[in-house]
1. In the set 247, 228, 196, 186, which member is of a type in the set (Lys, Arg) and in a loop (DSSP other than H, G, I, E, B)?
2. Looking at (1) within 30 Å of residue 187 (Cα to Cα); (2) part of a strand (DSSP E or B); (3) not hydroxyl-bearing (Ser, Thr, Tyr), which one does residue 137 not meet, given that it meets all the others?
3. Could you pull out the residue among 65, 95 that is within 27 Å of the chain's Cα centre (by Cα), in a helix (DSSP H, G or I), surrounded by 17 or more Cβ atoms within 10 Å (Cβ to Cβ) and in the same structural domain as residue 132 (by TED's automatic domain parsing)?
4. Look through 169, 127 and report the one residue that is buried (at least 17 other Cβ atoms within 10 Å of the Cβ), of a type in the set (Lys, Arg) and closer than 30 Å to residue 76 by Cβ.
5. When you go through (1) under 16 Å from residue 122 (Cβ atoms); (2) at pLDDT 95 or above one by one for residue 76, which number turns out not to apply?
6. Give the residue that is surrounded by the most Cβ atoms within 10 Å (Cβ to Cβ), with candidates limited to residues of the range 98-119 that are more than 28 Å from the chain's Cα centre (by Cα) and closer than 10 Å to residue 46 by Cα.
Amino acid sequence: MNKQIIYFFVILLSIITNDLFAQGIQWQTGNFESILNKAKVQKKLIYIDIYTTWCGPCKQMDAEVFANASVGKLFNEHFINYKIDGEKGEGRDLVDYFELDSYPTSMFIDGDWNVVMKLEGFRPTERLLESGEQVKERGKISGSDDELEQAYSKGKRDVPFLYEYIKARAFQKLDNGALLDEYLSKINIEQLKSEKTEKLILENASLLRGRTFDYLMTRKSELIFERKIKGIISQNLNKAVNQKNEKLLNEVLTANGRLSKTFAEANEWNTEAKMNYFMLTNQLEKFFVTADFFMDTYILKKNISSFQNLPELKDVYSQKLRKASKFVVERFKEREKLEKAVAWIRKSLEIEEKSSNNEIYSRLLFTLGSKIEAIGLMDRALELAKKEKADSDYLDLLNNELAKMKR
């Protein structure tokens, strides 16, 4: 008999628990001041949803997202949840205070009115869960951003503090490369190998040299770390271009040399990186010398048949040739250089015939004085563009180029 009673209560408790999660987000009641106080007492962030009665996406959020069991589980456990009509009573004051102009708008805020994250418009379940997880991690950090910054400037450097400081800065999307090196210098081997540290490294590594990058290189055979290293290299190459920083470019090339499996692989990537750097920083002569070497050494000798059945690879090589040829026809007037670009674009057409390849070939020949052949190629470019269902802007561009050539 006693066993039957216990079994009954276990089943009842299970039903109650399931029903609770099935209800989704549990909204707190009361005025906003009471919600702020509750957040301070419970040391939680507030999730506030501001809606209107006429807002269709607001109703969709209620029905499809806020009622979701997974959303309810995450938000009920980690946040104080509050919903208010933006056109009534206290809701109007909140709209004015936070300067809101669209619905639905939801926010994660702390007990001192500071906005941690603002979300505008409809958010599907997956995206709201993603935002909630991000904010949950930030909520674990003790101290405000200003307090952490002040503590660091005063010399605080213990391991738990540095971890929290890096996480706080990461939430603000600030660069943590140097801080991460400092953090790794203070932890032991066991801590270095922990999942917690691995996650911190993958989320914050940004420098091309130093303790963190050296550690990444020891694990480059693992796909997730190889991708991270490539991402760091790519980010720094973009940074070098934006800053016109050749010193940083050389660091990029050195880092890629360390990553590459072979000397030949490293040389090909590095040569192309230099070519693109000189193109994007408008260093014309350096670009041409590098591009000429890159095409002759690595691209023009490619065996086309080796990737004829690989459309993605075809497009990659065709684009390399087309981009360089386009830059030449737009920036150079010397016949010798234009004729080099003709060889490049012809190779591109051998790989795949596209409207854009014909367009560049046509412009090169027209500049070189082969008007009739150029008109024929531009006609072909226009024909292919229509088959490719190109947008109206590109079609207009081709028609205008064709009209100029026929004058």
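The values are calculated or read from the model by the stated rules, or taken from the named source; none is laboratory data. Bear in mind the structure is a predicted one, so any value in this text is a computation, not a measurement. In this analysis, Cβ positions are derived from the backbone assuming ideal geometry, glycine residues included, and neighbour counts consider all displayed protein chains.
1. Working: 247 fails: in a loop (DSSP other than H, G, I, E, B); 228 fails: in a loop (DSSP other than H, G, I, E, B); 196 fails: in a loop (DSSP other than H, G, I, E, B).
Of 247, 228, 196, 186, the one residue that is of a type in the set (Lys, Arg) and in a loop (DSSP other than H, G, I, E, B) is 186.
2. All conditions pass for residue 137, except number (2).
3. On the way: 95 fails: within 27 Å of the chain's Cα centre (by Cα).
Being within 27 Å of the chain's Cα centre (by Cα), in a helix (DSSP H, G or I), surrounded by 17 or more Cβ atoms within 10 Å (Cβ to Cβ) and in the same structural domain as residue 132 (by TED's automatic domain parsing) holds for just one of 65, 95, which is 65.
4. Numbers: 127 fails: buried (at least 17 other Cβ atoms within 10 Å of the Cβ).
Only one candidate passes the filter, namely 169.
5. The number of the failed condition is (1).
6. 111
Residues are listed down the side, and each one gets a yes or a no for (1) aliphatic (A, V, I, L, M); (2) in contact (Cβ under 8 Å) with a residue 40 or more places away in the chain; (3) within 21 Å of residue 339 (Cα to Cα):
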site: 360; (1), (2), (3): yes, no, yes
site: 366; (1), (2), (3): no, no, yes
site: 381; (1), (2), (3): yes, no, yes
site: 384; (1), (2), (3): yes, no, no
site: 396; (1), (2), (3): no, no, no
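Yes/no matrix, rows are residues, columns are (1) more than 27 Å from the chain's Cα centre (by Cα); (2) closer than 18 Å to residue 360 by Cα:
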site	(1), (2)
296	yes, no
302	yes, no
308	yes, no
314	no, yes
318	no, yes
323	no, yes
330	yes, yes
336	yes, yes
340	yes, yes
